[in-house]
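Q: One structure, pasted below without further comment.
The values are calculated or read from the model by the stated rules, or taken from the named source; none is laboratory data. Keep in mind that this is a model prediction, so the values were computed, not measured. Note: ideal-geometry Cβ built from the backbone for every residue, glycine included; neighbour counts use all protein chains shown. Just the protein is used for accessible areas: all its heavy atoms, side chains included, with ligands, DNA and RNA removed. Shrake-Rupley method; radii C 1.70, N 1.55, O 1.52, S 1.80 Å.
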Amino acid sequence: MLTAQSSVLDRVEGLDSGADDYIGKPFAFAELRARLDALIRRADGRANDVVRCGNLAYDLTTRSAAIDDRAIDLSPRDRAMLEALLRGQGRTVAWQTLEDQLCGSEGGISLNALEVSMHRLRRRLVAMGCTAVIQNVRGVGYSMKAPA
């Protein structure tokens, strides 16, 4: 629950009425994101912040990636794309979702630039021996899957 009401009584009422979490305004965006990440982890049944796909591991807290325990140095754009794909692992992540993840709600990346960035990320992961596969879902977006 995100609200301007932030007294202790308001928080207790909100939580007692069924809210999973409660944050009052003004709030720090980093705190909101951390709280949302925690809710997503609980919903996914994950006990920790590491998401795995094949031999690729990504820590959602430190935003670091590794293949077979070898760290990967990622640009901010690569990191954002990889995180979006891993959060949606096994499902198709739409172009719009990737654009929002990369640029926020104001947009600002062309479809061609997104495709080029994804191609570079895919090529880099393959060169490092990553077994996870990034697939283009024509006309929709991308998906990341573990090897069969």
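Q: Two-decimal Rg/Rh of the chain from alpha-carbon positions, Kirkwood Rh? Numbers along the way, then the final one.
A: On the way: Rg = 17.7 Å, Rh = 17.0 Å.
On the Cα set of the chain, Rg over Rh gives 1.04.
Q: Turning to a different aspect of this structure: Within region 54-148, report the trypsin sites (Lys or Arg not before Pro) that DSSP leaves as loop and that have at most 11 other Cβ atoms within 10 Å. Mind showing how you got there, number by number?
A: On the way: sites: Arg63, Arg70, Arg77, Arg79, Arg87, Arg91, Arg120, Arg122, Arg123, Arg124, Arg138, Lys145; in loops: Arg63, Arg91, Arg138.
Hits after loop and neighbour filter: Arg138.
Q: Which Cα, out of Cys53, Val8, Ala28, lies furthest along the positive dipole direction of region 1-96 (beta carbon charges, K/R +1, D/E -1)?
A: Cys53
Q: Return the percentage of antiparallel bridges among DSSP beta bridges fully within the chain, rounded to the nearest 5 %.
A: Details: 18 of 20 bridges.
If we restrict to bridges inside the chain, about 90 percent are antiparallel.
Q: Continuing with this model, one more query. Among Gly129, Leu102, Met118, flag the residue with its Cα farthest along the positive direction of the charge dipole of region 56-148, charges on Cβ as +1 for Lys/Arg and -1 for Asp/Glu.
A: Among Gly129, Leu102, Met118, the one farthest towards the positive end of the dipole of region 56-148 is Gly129.
Q: Can you tell me the alpha carbon radius of gyration of region 1-82 divided by the globular rule-of-thumb value 2.2 N^0.38 Å?
A: Numbers: Rg = 16.6 Å, N = 82, 2.2 N^0.38 = 11.7 Å.
Normalised Rg, Cα atoms only: 1.41.
Q: Probe 1.4 Å, all protein chains in place: accessible area of Leu39 in Å², nearest 10?
A: Taking all protein chains as shown, Leu39 has close to 50 Å².
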